[in-house]
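Colleague: Pasting in a structure now, in structure tokens, and then I'll have a few things to ask.
The values are calculated or read from the model by the stated rules, or taken from the named source; none is laboratory data. As the structure is a computational prediction, the values presented were derived from the model and not from experiment. Here the Cβ positions follow ideal geometry from the backbone for every residue, glycine too, while neighbour counts run over all protein chains shown.
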Amino acid sequence: MSDYSLPASFDPLIHQSSRLAIMAVLAGSESADFTFLVKATGLNKGTLSKHLTKLRDAGYVEIDKGYKGNYPHTSAKLTRNGRKAFQDYRKQYAAFNEVLQP
């Protein structure tokens with residue numbers, strides 16, 4: 001009989017759906033600005049900001065705040081540790097998915 005429970009080794013910081021969406025978008029690009037992340041993830045600005053802060057505090061995301069002309073501009077990118085953590089998460093998820101295959 002197969003064990004269909006989620007592995008305890010899943011990174012809970014990444015596994016949360018909003019942060020998983022952020023990590024996936026950032027993994028597919030060198031960096032992304034805040035407005036793009038809002039549109040790509042479907043999160044509102046406050047929620048996105050909160051989750052980016054958690055990912056930054058974990059060392060997974062680097063946030064750059066500056067100006068483009070006279071307007072504030074915020075962008076985010078995965079750190080080396082963030083890319084590795086996301087790769088590890090994807091490998092764990094793929095292994096878990098193999099267990100579910102008949």
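Colleague: Would the stretch 52-63 turn up any residue that is at pLDDT 95 or above and more than 12 Å from the chain's Cα centre (by Cα)? Give the steps one after another, and end with the answer.
Modeller: Step one: list which residues in the stretch 52-63 are at pLDDT 95 or above, which gives 52-63.
Filter again for more than 12 Å from the chain's Cα centre (by Cα), leaving 57, 63.
Checking the stretch 52-63: at least one residue is at pLDDT 95 or above and more than 12 Å from the chain's Cα centre (by Cα).
Colleague: If I ask for residues that are part of a helix (DSSP H, G or I), among the charged types (D, E, K, R) and over 20 Å from residue 90 (Cβ atoms), which ones from the stretch 5-49 would you list?
Modeller: Filtering the stretch 5-49 for residues part of a helix (DSSP H, G or I) gives 12-15, 17-27, 34-41, 45-49.
Restricting the remaining residues to those that are among the charged types (D, E, K, R) gives 19, 39, 45.
If the condition is that a residue be part of a helix (DSSP H, G or I), among the charged types (D, E, K, R) and over 20 Å from residue 90 (Cβ atoms), then 39, 45 are the ones that fit.
Colleague: So, in the stretch 71-102, of the ones that are assigned to a helix (DSSP H, G or I) and of a type in the set (D, E, K, R), which residue ends up farthest from the chain's Cα centre (by Cα)? Before you say what the answer is, go through the steps one by one.
Modeller: Restricting attention to the stretch 71-102, the residues satisfying the condition of being assigned to a helix (DSSP H, G or I) are 80-100.
Those still in the list that are of a type in the set (D, E, K, R) too: 80, 83-84, 88, 90-91, 98.
Numbers: 80: 13, 83: 9, 84: 12, 88: 13, 90: 11, 91: 15, 98: 23 Å.
Here the residue is 98.
Colleague: Additional query: Could you please find all residues in the stretch 50-61 being crowded, with 16+ Cβ neighbours inside 10 Å and either touching a Gly at 6+ places or on another chain (Cβ under 8 Å) or in a loop (DSSP other than H, G, I, E, B) (or both)?
Modeller: Residues satisfying the conditions are 55, 58, 60, 61.
Colleague: Which residue, of 9, 75, 17, 31, is loosely packed, with under 12 Cβ neighbours inside 10 Å, in contact (Cβ under 8 Å) with a residue 12 or more places away in the chain and among the hydroxyl-bearing types (Ser, Thr, Tyr)? Steps first, please.
Modeller: On the way: 75 fails: loosely packed, with under 12 Cβ neighbours inside 10 Å; 17 fails: in contact (Cβ under 8 Å) with a residue 12 or more places away in the chain; 31 fails: loosely packed, with under 12 Cβ neighbours inside 10 Å.
The conditions single out 9.
Colleague: In this structure, does residue 98 turn out to be within 14 Å of residue 27 (Cα to Cα) and among the acidic types (Asp, Glu)?
Modeller: no
Colleague: Moving on to the next point. For the stretch 34-49: of the residues being in contact (Cβ under 8 Å) with a residue 24 or more places away in the chain and of a type outside the set (A, V, I, L, M), which is surrounded by the fewest Cβ atoms within 10 Å (Cβ to Cβ)?
Modeller: So in the stretch 34-49, the residues in contact (Cβ under 8 Å) with a residue 24 or more places away in the chain come out as 34, 37, 43, 47-48.
Checking the rest, the ones that are also of a type outside the set (A, V, I, L, M) come to 34, 47.
Values: 34: 18, 47: 13.
Among residues in the stretch 34-49 that are in contact (Cβ under 8 Å) with a residue 24 or more places away in the chain and of a type outside the set (A, V, I, L, M), the one surrounded by the fewest Cβ atoms within 10 Å (Cβ to Cβ) is 47.
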